[in-house]
1. Looking at the structure I just gave you, is K576 modelled with pLDDT of 95 or more, more than 30 Å from T539 (Cα to Cα) and surrounded by 13 or more Cβ atoms within 10 Å (Cβ to Cβ)?
2. Tell me which of these S375 doesn't satisfy, since it passes every other one: (1) free of Cβ contacts under 8 Å to residues at least 40 places away in the same chain; (2) in a strand (DSSP E or B); (3) surrounded by fewer than 17 Cβ atoms within 10 Å (Cβ to Cβ); (4) not assigned by TED's automatic domain parsing to the domain that holds I267.
3. Hey, which of the strands (runs of 3 or more DSSP E) in the range 419-494, taking only ones fully inside, have at least 2 residues that are over 23 Å from R350 (Cα atoms)?
4. So in the range 325-344, with the set limited to residues that are part of a loop (DSSP other than H, G, I, E, B) and of a type in the set (A, V, I, L, M, F, W, C), which one is surrounded by the fewest Cβ atoms within 10 Å (Cβ to Cβ)?
5. Here are some residues: K361, K274. Which one is surrounded by 17 or more Cβ atoms within 10 Å (Cβ to Cβ), farther than 29 Å from A388 by Cβ, under 38 Å from the mean Cα position of the chain (by Cα) and modelled with pLDDT under 90?
6. Go through (1) surrounded by 14 or more Cβ atoms within 10 Å (Cβ to Cβ); (2) under 39 Å from the mean Cα position of the chain (by Cα); (3) not in a loop (DSSP other than H, G, I, E, B) and name the single condition S368 misses.
7. Being surrounded by 16 or more Cβ atoms within 10 Å (Cβ to Cβ) and either in contact with a Cys (Cβ under 6 Å, 6 or more places away or on another chain) or of a type in the set (D, E) (or both) is the filter here, so list the residues in the range 427-450 that pass it.
Amino acid sequence: MLVDRKIRKTYNFIIGDSMKNKKGFTLVELLSTIVILAILLSASVFAITKFVGKSKVESMEAQKRAFVMAGKSYAQDHSSVLPNSIGEKKDIYANVIKTAKYLKNDLTNADGKSCMEKSFVRVYKYDETGYTYTAYIFCEGDTVPTEIDPVGPDIHVDFSYPDDAIYANVTLTDGSSDGDIIGLMSWDYTVVAHYKESDTTVEVYHSESMMLNGETNYTADPINLSSYEDADKVADFDIIITAYNRNGGFSSTHGINQACASLSLDITSIYILKGETKQIEATKNCGKSVQWTSSNDSVVTISEDGVITGVGAGEATITATLPGGIVAEASVEVGVCTSVSLTPNSFTLRRGSTQELSVNKDCRNPVSWSSSNPSVASVADGVITGIAPGNAVITATLIDGVTSTSSVNICAPSIQLNQSSVSVTQGGTTTVTATKSCTDSNVTWTSSNPSVATVNNGVITGVSAGDAVVTATVEDASKTVNVTVPTCSYLHLSDTSLSVQKGKTKTITVEKDCVNPVTWTSSNPSVVTVENGVLTGVTDGNAVITATLMDGITETVNVNVCTPTISVSPASITIKEGETKQITATTTCTTSTVTWKSSSTSNATVSSSGVIRGVNHGSARVTATVDGVSARVNVTVQLTFYYIGG
């Protein structure tokens with residue numbers, strides 16, 4: 001060992017050559033020997049410790065390489081964990097990689113403690129197809145992660161299908177992140193194609209040694225997998241690519257070229273015209289060509305690249321077929337029209353409005369539209385637009401030459417009034433009727449002088465004497481009516497003086513030559529009040545009631561408010577049985593009829609005019625009543641004696 005050789009040189013230097021042949025040991029020799037033995041013992045311990053440490057380091061490096069390879073394999077099989085954009089990084093944690101069974105054993109540090117909880121492999125995307133993989137191992141007690149670079153190149157494989165052949169395209173890229181870890185080492189790689197169906201493994205390509213310099217890709221020549229037995233039938237390869245460094249580093253990936261297992265068409269049913277063409281696109285999971293057929297070439301044909309052509313009216317099925325019996329179908333109908341009609345076939349449309357025509361036809365072929373007078377009515381996709389008043393003919397034409405027409409009259413909104421001039425008194429109303437045409441809009445009404453006349457939905461109300469113009473408008477059409485509100489010249493009241501009982505009412509009748517409202521006032525509201533010509537007596541006394549028109553005309557009524565009274569004459573009478581007597585009742589402050597009543601009709605009766613008749617001897621009280629007040633007459637009835645003589 002190198003250490004032993006150094007010790008031996010030291011030993012010889014200390015004891016010297018002259019001491020080698022002596023048979024005994026001096027004190028110096030003894031001490032020298034002890035020193036040398038101590039040095040030898042220390043060197044041995046150092047060498048053993050260094051050996052053990054080196055073994056642990058190598059073990060850790062092996063874990064690192066295994067961790068990188070496990071993370072790389074996991075990422076290649078789970079593309080969702082790979083970064084999407086250049087410069088992006090993603091971390092795959094050790095527990096995830098082991099759970100997915102890509103890592104056999106736990107990561108541990110030199111002391112055997114687990115490094116699984118926080119350790120991860122970082123994937124870094126450095127170009128469109130290349131990634132680097134770096135291990136970050138965090139162990140319990142360690143403060144700095146252990147970081148290593150990839151131990152091998154990135155490998156990428158995809159497939160291409162020129163001329164229906166199947167090619168595997170392999171690219172190897174130096175995966176270093178901070179320097180060339182591959183250097184000038186030689187790398188080999190092997191590509192193996194596995195026929196899944198026949199379960200035969202065939203080595204398709206083996207490269208010669210290559211040099212990767214860390215800056216360029218190595219792209220192998222495309223491998224034509226179709227040249228192998230039954231490849232054109234199976235077309236199902238499991239590609240395994242392994243690149244390894246002769247000094248021990250390696251990397252591996254795989255890809256799958258699946259057999260034709262699915263086929264779909266972008267069209268499952270379509271309607272086309274005679275002579276029309278349409279491309280049908282096929283989506284498949286393999287590179288084989290689709291074979292196209294039509295069930296009825298007299299209806300529709302299809303080219304070898306999927307273009308269908310309508311030939312004649314009817315239905316047919318287009319079938320796409322892949323090797324292995326995979327098929328997809330699309331139904332095609334080719335239409336030919338023989339009739340078409342429009343609804344409505346004639347109508348009126350106002351200017352600026354639209355009307356959609358309904359098309360009835362015996363096919364699904366499109367319609368082209370035209371107008372005989374586009375300045376009157378235009379048409380687009382069956383929708384008619386009124387441009388100006390007039391007439392036009394709308395024509396619908398099918399590609400088959402079949403046509404149909406609809407006549408349209410374009411009108412402009414208009415309005416008419418039943419009167420051109422009206423006269424309305426102040427406070428009075430009159431109604432003007434509007435008739436509109438070619439519009440569903442509401443009529444709006446306005447007055448040129450609302451202080452003279454107002455208008456609401458055609459009802460004109462006179463406000464004050466004068467002239468105004470009322471206008472009725474609908475859209476951009478309008479008509480007017482001239483309005484005159486005359487003045488009043490005559491006012492007469494039914495009474496010039498009257499009496500009203502306290503607490504009672506009496507109405508004054510008004511005569512005037514207009515309908516202007518009357519304003520009423522009382523000179524003494526504590527005696528009598530007035531409202532709309534109705535008087536109410538408050539207390540006994542006198543007041544003057546005044547009626548006034550807005551034109552300045554006034555009339556007055558003298559009003560006396562009194563309490564009704566009644567008296568009778570005579571106040572007492574004596575009459576005989578069968579005799580009659582007239583009683584006179586005098587009333588004040590009332591025009592009501594006096595009512596009469598006898599307290600004892602068996603003795604005396606009284607008529608409605610106050611005539612008392614004696615009935616039987618005795619007495620009675622006769623009462624005269626008017627408006628709640630009364631007066632009494634005391635009546636004595638005497639016996640009548642008849643003289644009987646001889």
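The values are calculated or read from the model by the stated rules, or taken from the named source; none is laboratory data. Here the structure is a predicted model, which is why all the values come from computation and not from measurement. Neighbour counts are summed over all protein chains in view; Cβ atoms, including those assigned to glycine, are modelled from backbone coordinates with ideal geometry.
1. no
2. Failing condition for S375: (2).
3. Hits in the range 419-494: 421-423, 429-431, 444-447, 453-456, 459-462, 466-474, 477-485, 491-493.
4. V336
5. Answer to the selection: K361.
6. Against the list (1) surrounded by 14 or more Cβ atoms within 10 Å (Cβ to Cβ); (2) under 39 Å from the mean Cα position of the chain (by Cα); (3) not in a loop (DSSP other than H, G, I, E, B), S368 comes up short only on (1).
7. C438
Let's see how each residue does on (1) farther than 18 Å from H156 by Cβ; (2) in a helix (DSSP H, G or I); (3) modelled with pLDDT under 85; (4) over 49 Å from the mean Cα position of the chain (by Cα):
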site: A62; (1), (2), (3), (4): yes, yes, yes, yes
site: S73; (1), (2), (3), (4): no, yes, no, no
site: K98; (1), (2), (3), (4): yes, yes, no, no
site: K104; (1), (2), (3), (4): yes, no, yes, yes
site: D111; (1), (2), (3), (4): yes, no, yes, yes
